[in-house]
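> My questions will all concern the structure given below.
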Amino acid sequence: MVSFMPQTMNLQNDIPRHIAIIMDGNGRWAKTRGLPRVQGHRAGAESIREIIDAAKELGVEYVTLYAFSSENWSRPSSEITALMRLLEQFLESKRKDLMRQNVRLLAIGQLHRLPPATRKKLDQVIEQTKDNTSLTLVLALSYGSREEIVDAVRSIAQAVADGSLQPGEIEASHIADSLYTAGMPDPDLLIRTSGEMRVSNFLLWQISYAEIVIFDKYWPDFRQGDLFEAVAQYQKRHRRFGAL
Ligand code: FPP
């Protein structure tokens with residue numbers, strides 16, 4: 001039985017298939033405690049562990065986490081190195097849990113920009129978990145939605161140049177199928193922490209109809225009860241996809 005579940009949440013129906021999360025506020029969480037920023041990221045990695053358990057318990061199929069944006073490459077190199085180390089440690093320490101929990105790992109983004117050691121570890125865990133069938137955990141790494149759309153346009157333009165596609169035949173499905181998220185359902189629910197009301201170049205095409213829930217708290221303070229609260233809010237909203 002799930003603990004801290006809001007009374008208003010319906011466990012049987014209307015569980016979002018796909019939850020996307022902008023994990024914001026690690027740096028500010030650390031600053032308010034007089035700690036180095038990396039401690040905030042470390043605490044943020046702990047929140048991820050808890051959220052995977054909670055999402056799995058709810059029967060969510062996909063969780064996509066904005067772990068490192070294209071813009072994050074402009075941070076000081078010491079912070080980038082610390083984040084990559086943390087990601088490697090996270091992958092190493094989660095590997096067994098992911099297998100035990102039947103969780104499949106995927107990654108989206110310009111993965112070729114990751115340091116070779118990080119990429120290698122990532123590829124290993126993706127390969128090891130590829131046949132798992134419960135939750136799919138998607139890490140957005142070196143990810144930017146505009147870059148993703150540019151990559152998609154390039155591949156569609158190539159198909160037109162090759163003569164295998166006519167410009168007039170291009171449909172929304174060609175674009176969706178050319179994104180890094182090809183084959184995944186669009187997010188139903190987008191969560192952002194630390195109170196910012198922005199989507200920050202995250203899944204711009206895919207979140208067209210997502211319900212957005214913003215939490216004031218910083219990501220390291222995000223607990224499973226908050227995920228349940230977000231799902232309860234999602235369930236209260238009447239989703240009409242623009243129809244009456
Ligand atoms: C935002 O906080 C968070 C990030 C840039 C990275 C998120 C990374 C983690 C949660 C941990 C490492 C990832 C994995 C998968 C183990 P911020 O630094 O932008 O916070 P601020 O806005 O308060 O400065």
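> Which ones in the range 177-217 are exposed (fewer than 15 other Cβ atoms within 10 Å of the Cβ) and touching a His at 6+ places or on another chain (Cβ under 9 Å)?
Passing the criteria: only P185.
> Kindly establish whether E88 is farther than 18 Å from Y143 by Cα, in contact with a helix residue (DSSP H, G or I) (Cβ under 6 Å, 6 or more places away or on another chain) and open to solvent by less than 60 Å² (accessible area, probe 1.4 Å). Talk me through it step by step, then tell me what you get.
Numbers: farther than 18 Å from Y143 by Cα: no; in contact with a helix residue (DSSP H, G or I) (Cβ under 6 Å, 6 or more places away or on another chain): yes; open to solvent by less than 60 Å² (accessible area, probe 1.4 Å): yes.
No: the conditions fail for E88.
> Any idea how many residues of the range 57-86 are of a type outside the set (F, W, Y) and closer than 22 Å to L227 by Cα? Walk me through it before giving the result.
Step one: of the range 57-86, the residues of a type outside the set (F, W, Y) are 57-61, 63-65, 67, 69-72, 74-86.
Then drop every residue that is not closer than 22 Å to L227 by Cα, which leaves 57-61, 63-65, 67.
So the count comes out to 9.
> Of all residues in the range 8-30 being assigned to a helix (DSSP H, G or I) and within 7 Å of the ligand (Cβ to nearest atom), which is nearest to the chain's Cα centre (by Cα)?
Of the residues in the range 8-30, the ones assigned to a helix (DSSP H, G or I) are 26-30.
Now narrow it down to the ones that are within 7 Å of the ligand (Cβ to nearest atom): 26-29.
Working: N26: 16, G27: 19, R28: 21, W29: 20 Å.
Within the range 8-30, the match that is nearest to the chain's Cα centre (by Cα) is N26.
> In the range 33-42, is there at least one residue being touching a His at 6+ places or on another chain (Cβ under 7 Å) and not hydrophobic (A, V, I, L, M, F, W, C)? Quick ask: steps written out before the conclusion?
Quick first cut of the range 33-42, residues touching a His at 6+ places or on another chain (Cβ under 7 Å) only: none.
Looking through the range 33-42, none of the residues is touching a His at 6+ places or on another chain (Cβ under 7 Å) and not hydrophobic (A, V, I, L, M, F, W, C).
> Give me a count of the residues in the range 25-57 that are touching a strand residue (DSSP E or B) at 6+ places or on another chain (Cβ under 8 Å) and open to solvent by 30 Å² or more (accessible area, probe 1.4 Å).
Step one: of the range 25-57, the residues touching a strand residue (DSSP E or B) at 6+ places or on another chain (Cβ under 8 Å) are 48, 51-52, 55.
Then keep just the ones that are open to solvent by 30 Å² or more (accessible area, probe 1.4 Å); that gives none.
Adding up the residues that qualify gives 0.
The values are calculated or read from the model by the stated rules, or taken from the named source; none is laboratory data. Remember, predicted model here, so these are calculated numbers, not experimental data. Please note: Cβ atoms are built from the backbone with ideal geometry, for glycine as well, and neighbour counts cover all protein chains shown. Remember, those area values only see protein heavy atoms, side chains included, never the ligands or the DNA or RNA. Shrake-Rupley method; radii C 1.70, N 1.55, O 1.52, S 1.80 Å.
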